[in-house]
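Here is the structure we will look at.
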Amino acid sequence: MIQRIPQLLAVRSSATIAVIATAVFSLTGCDGGTAVEREQTPAQAKEAVVAIVDDTANAVGGAWSVASGPAVQGCNRDSGGRGAAYFTTKMREQRSGDPAEDVANVERLWKEKGIETERHKSGGAEPTLGLRGVGGPMKSIDFLADERGYSLDAVSSCTAGDAEELQRNGE
């Protein structure tokens, strides 16, 4: 019996490795990317940042204007090397409404889109309310709500691509 223990452990180890390998392959598929989070192309990153900013602005309502972007900038990739990310900023002038309610509505929207959120506010007697987000298709997104005006800033995930070349090509 004692001589069979190493053989039993080898069989169990092989079975455990097979189960783990099956789980990993079922999550990643043949191409090596995860089913949940595949790397975006620069065009997809640009579309994603515009879509989340537009969806957020529409959820809040009012007349928003583009302050900057969508524009490409260089970034450092997690895997090393340089890449490209898109950013955009929208502003909205004062309107009737409740900044706290608008922050809550934006928080629900972002969570539905897989973005992790964190509420924040500035100091002072009349603080500006805000919401930060990370994840989903965004590296970061920030919403500020104040009776004097609102702002919305977003930066896409860092993708493979040359930001300078994308800028030259007007992308």
Considering residues that are under 15 Å from the mean Cα position of the chain (by Cα) and surrounded by fewer than 19 Cβ atoms within 10 Å (Cβ to Cβ), the number found within the stretch 53-70 is 2
Result of the Cβ filter at 9 Å on the stretch 160-171, keeping first residues that are touching a residue at least 24 places away in the same chain (Cβ under 8 Å) and over 15 Å from N76 (Cβ atoms) and partners that are assigned to a helix (DSSP H, G or I) and small (G, A, S), at least 6 apart or interchain, is E171/A43
* **E107 free of Cβ contacts under 8 Å to residues at least 40 places away in the same chain and over 23 Å from A67 (Cβ atoms)** => no
Against the definition (within 18 Å of the chain's Cα centre (by Cα) and at pLDDT below 90), how does R77 come out, yes or no?
yes
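The values are calculated or read from the model by the stated rules, or taken from the named source; none is laboratory data. A quick note: this is a predicted structure, and the numbers were derived from the prediction, not measured. Ideal geometry is used to build each Cβ from the backbone, glycine not excepted, and the neighbour counts take in all protein chains shown.
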